[in-house]
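The values are calculated or read from the model by the stated rules, or taken from the named source; none is laboratory data. This structure is a prediction, so every number in the text was calculated from the model and none was measured. A quick note on method: Cβ atoms are made from the backbone with ideal geometry, for glycine too, and the neighbour counts reach across all protein chains shown. Just the protein is used for accessible areas: all its heavy atoms, side chains included, with ligands, DNA and RNA removed. Shrake-Rupley method; radii C 1.70, N 1.55, O 1.52, S 1.80 Å.
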Amino acid sequence: MDIRVAAYGVITEGDRILLAHWNEGGKSGWTLPGGGIDPGEDPADAVVREIAEETGYAGEAGELLGIDSKVIPAEHRFVSDAGPLHALRIVYRARVVGGTLTNERDGTTDEAAWFALSAIPNRRVELVDIALRMAGLRD
């Protein structure tokens, strides 16, 4: 079984949240800014790097909200003969400290946008709802 460790940021300003549009292997949906941790990289540094790559903003990692653990069956992966994947998703509260909203080029996300917390698109990955509960923004 493969394992992937990733770090994500819940970034809110007032009543809105910053999301990135994931688009990979024919699948897509809105997700939190974040992604895989490089070997030897601190998770808090990884989320700051990923926020910059996916949104153009300089970010700052705050409180650790939690860790979500999920096993993705082989048949749900992009390459089914790769076997199952154990995804560990480290979720931080984060904030924007500078920069300009910019879409990622040549990455797994193709757009970044702010959404009202009451109007988050239905086409989103389950991590968004998990992280909103971790942050106390959903029941």
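Counting the residues of the stretch 117-139 that are open to solvent by 40 Å² or more (accessible area, probe 1.4 Å) and either among the small types (G, A, S) or touching a Leu at 6+ places or on another chain (Cβ under 7 Å) (or both) gives 6.
Quick grid of which residues meet (1) over 21 Å from I72 (Cα atoms); (2) under 16 Å from the mean Cα position of the chain (by Cα); (3) among the aliphatic types (A, V, I, L, M):
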| residue | (1), (2), (3) |
| --- | --- |
| N103 | yes, yes, no |
| D110 | yes, yes, no |
| W114 | yes, yes, no |
| A119 | yes, no, yes |
| E126 | no, yes, no |
| D129 | no, yes, no |
| A135 | yes, yes, yes |
| R138 | yes, no, no |
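Total residues in the stretch 78-93 satisfying the condition of being open to solvent by 60 Å² or more (accessible area, probe 1.4 Å) and over 20 Å from V128 (Cβ atoms): the figure is 4. Contact annotation: residue pairs with Cβ atoms under 6 Å, 6 or more positions apart or on different chains, pairing a residue in the stretch 123-139 that is in contact (Cβ under 8 Å) with a residue 24 or more places away in the chain and under 8 Å from V10 (Cβ atoms) with a partner that is among the basic types (K, R) and open to solvent by 60 Å² or more (accessible area, probe 1.4 Å), are L132/R138. Taking the criterion of being in contact (Cβ under 8 Å) with a residue 60 or more places away in the chain and either of a type in the set (K, R) or open to solvent by 40 Å² or more (accessible area, probe 1.4 Å) (or both), the residues of the stretch 102-114 that qualify are T108, D110, E111, W114. Filtering L132, L137 for residues that are in contact with a Ser or Thr (Cβ under 8 Å, 6 or more places away or on another chain) and under 17 Å from R16 (Cα atoms) leaves a single hit, L137. Every test in (1) in contact (Cβ under 8 Å) with a residue 24 or more places away in the chain; (2) surrounded by 14 or more Cβ atoms within 10 Å (Cβ to Cβ) is passed by V97 save one, and that test is (2).
What residue, among those in the stretch 52-72 that are touching a Phe, Trp or Tyr at 6+ places or on another chain (Cβ under 8 Å) and surrounded by fewer than 18 Cβ atoms within 10 Å (Cβ to Cβ), is nearest to E13 (Cα to Cα)?
Applying the filter and picking the extreme gives G62.
A quick yes/no check of all residues on (1) farther than 25 Å from A119 by Cα; (2) in contact (Cβ under 8 Å) with a residue 12 or more places away in the chain; (3) surrounded by 20 or more Cβ atoms within 10 Å (Cβ to Cβ); (4) under 11 Å from the mean Cα position of the chain (by Cα):
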site: W22; (1), (2), (3), (4): no, yes, yes, yes
site: T31; (1), (2), (3), (4): no, yes, yes, yes
site: I37; (1), (2), (3), (4): yes, yes, yes, no
site: E50; (1), (2), (3), (4): no, yes, yes, yes
site: A74; (1), (2), (3), (4): yes, no, no, no
